[in-house]
Amino acid sequence: MSTETTKDESFENSHVLDPAATADSQETISKEITSVHEAYRQEVIAGKKAETQPRINFAPYRSSLLRYPTKNLHHVDPETIELCSPAFGQRDVHALESDLTIQHNGEPIGERIVVAGRVLDGDGRPVAGQLVEIWQANAAGRYIHKRDQHPAPIDPNFTGVGRAITGPNGEYSFTTIKPAPYPWKNHHNAWRPAHIHFSLFGTDFTQRMITQMYFPGDPLFSLDPIYQAITDQDARDRLVATYDHSITTHEWATGYNWDIVLTGSNRTWMEDEEGDH
Amino acid sequence: MSQAPKLKLAPTPGQTIGPFYGYALPFEKDNELVNQANPNSVRLHGVITDGKGEVIPDSLLEIWQADENGNVISRDGSLVRDGYTFTGWGRTAVDNVGHYTFTTVNPGATEEGKAPFIMLTVFARGLLNRLFTRIYLPEDTAALAADPLLSSLTEEQRKTLIATREEDGSLRFDIRLQGEHETVFLSYPRES
């Protein structure tokens, strides 16, 4: 191991991870996940509304322990700036940025895929002309990042970064390479399911979100404390893309569909209400 | 205020930003909403810390604000800044010692008598979903006293949302995700 690698790892551990945490077994982590999920099921049976978001306090994800607010979020009615969003357009994003396979001189290695879908708000309205950013590991499970120390090959033809502006119906489409799972240090023998990170904007800045899209049938789902921080099965399913043969193209790429629903806009109903006075 | 209408669709869950966004999200001049040479430019800065008071170097922050006259801007050009167009939005990856800086302007009040604030979004590895808060400017004490959010908080909570004006005109705003003086984070109607 090089000196640089050692230094890098100690940097990460000193700020984030109790070094002892990596000694936990998958069995220990899985037991903790099951226990939180079981408690949630009992609450739902007792009449609690289904959860749609991950718990931010979720101990099986060890890096979360010191990084979640312990006080309840303070409910507030949005004001002017919160009811609007920054504007992005062709000046910001070139059309070719949605193809992650043409950013270098050669073709990246791996399974070429198209991921396409729509960005909608909680009322089902398309979010048009907004920014979508993605990033991901390569076909070997390696990120281009100085702190990714996973000994899998870097692909010189794949950076794993893309951007797009949604169309008039909220549609987006990325051409990329299917990412692989990769190991991380949450516990002993911890592996992340294959995923693509998505960053999204809505019409109100309060709809801003970052999430991860997963692939159907991944055997690592039940073991992963980040995915399982979402306690509700229906909610977890919303992060899994669907294989879609109508997106698949002849002798070129397989296709996945994934629609993203942001929270509800507050602008329309609050303006309507002002009009009522 | 009446009840917000129910959502028709269930929102997609958020997930952590993770550690590997370095090539994807930062961009040139991402934290420069205005050029530093602009005579009205203001430095907004601070540190972000966890429940043990340790800095969080792998977090990413975004601000969204009105211009100096309180106008909400709707202009593209945030990702490819020309140095002249104020777009109201900026992003920065926190540095190795947990410190962040934006170069911006003091936002004006969006409505007369309202306390001006900058909206802040926090992302970090270890943080399973984004957090929202407000950075209030400290000067207009009458407007701050009348602010509905600030009025609903204890004195200690209130302090976490009001920036400090430093001698050189900079705004200082520290973010504490957990523990003593934990920053007040916000939720809005229609999140689920």
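Rule-based calculations on the coordinates, nothing more; no lab input. Bear in mind that the values here come from a model prediction, so they are computed numbers and not experimental data. Virtual Cβ from ideal backbone geometry, glycine too; neighbours counted across all protein chains shown.
Some values worked out for this structure:
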{"quantity": "The protein assembly as shown - mean residue ellipticity at 222 nm from DSSP helices (-39,500 (n - 2.57) per run, n ≥ 4, rounded to 500)", "calculated": "-4000 deg cm²/dmol"}
{"quantity": "Inter-site label distance for B:Asn38 and A:Tyr243 at 7 Å from Cα along Cβ, in nm", "calculated": "5.1"}
{"quantity": "Overall form of the range B:1-97 per C-alpha gyration tensor (a/c, 1.5; a/b vs b/c)", "calculated": "oblate"}
{"quantity": "Distance violations [Cα-Cα > 32 Å] among A:Lys49/A:Lys178; B:Lys6/B:Lys114; A:Lys31/A:Lys71", "calculated": "A:Lys49/A:Lys178"}
{"quantity": "Neighbour net charge for A:Ala180 - beta-carbon separation under 15 angstrom, K R +1, D E -1", "calculated": "-1"}
{"quantity": "Charge sum, other residues only, whose C-beta stays under 11 Å from A:Ala194's C-beta, Lys/Arg counted +1 and Asp/Glu -1", "calculated": "-1"}
{"quantity": "Ranking of B:Thr87, A:Thr80, B:Thr121 by count of other Cβ atoms within 10 Å, fewest first", "calculated": "A:Thr80, B:Thr121, B:Thr87"}
{"quantity": "Base-10 log of normalised Debye intensity for chain A (one unit scatterer per alpha-carbon) at q = 0.08, 0.14, 0.17 Å⁻¹", "calculated": "-0.40, -1.20, -1.51"}
{"quantity": "Karplus (6.51, -1.76, 1.60) ³J(HN,Hα), θ = phi - 60°, over the range A:219-224, in Hz, Gly and Pro reported as x", "calculated": "x, 8, 3, 5, 8, 9"}
{"quantity": "Sorted by Cβ neighbour density within 10 Å, fewest at the top, the residues A:Phe58, A:Phe158", "calculated": "A:Phe58, A:Phe158"}
{"quantity": "Inter-chain shielding of B:73-81 (mean C-beta neighbours from other protein chains, 10 Å cut-off)", "calculated": "6"}
{"quantity": "Fluctuation leader among A:Asp155, A:Asp77, A:Asp259 - chain A, Gaussian network, Cα springs under 10 angstrom", "calculated": "A:Asp77"}
{"quantity": "Residue order, fewest to most surrounding Cβ atoms within 10 angstrom, among A:Ile165, A:Ile56", "calculated": "A:Ile165, A:Ile56"}
{"quantity": "Centre separation in Å (Cα based) which lies between the range B:135-176 and the range A:18-91", "calculated": "27"}
{"quantity": "Whole-angstrom gap from the range A:98-129 to the range A:200-277, using each part's C-alpha centre", "calculated": "13"}
{"quantity": "Column: log10 I(q)/I(0), Debye, Cα scatterers of the protein assembly as shown, q = 0.10, 0.14 Å⁻¹", "calculated": "-0.74, -1.56"}
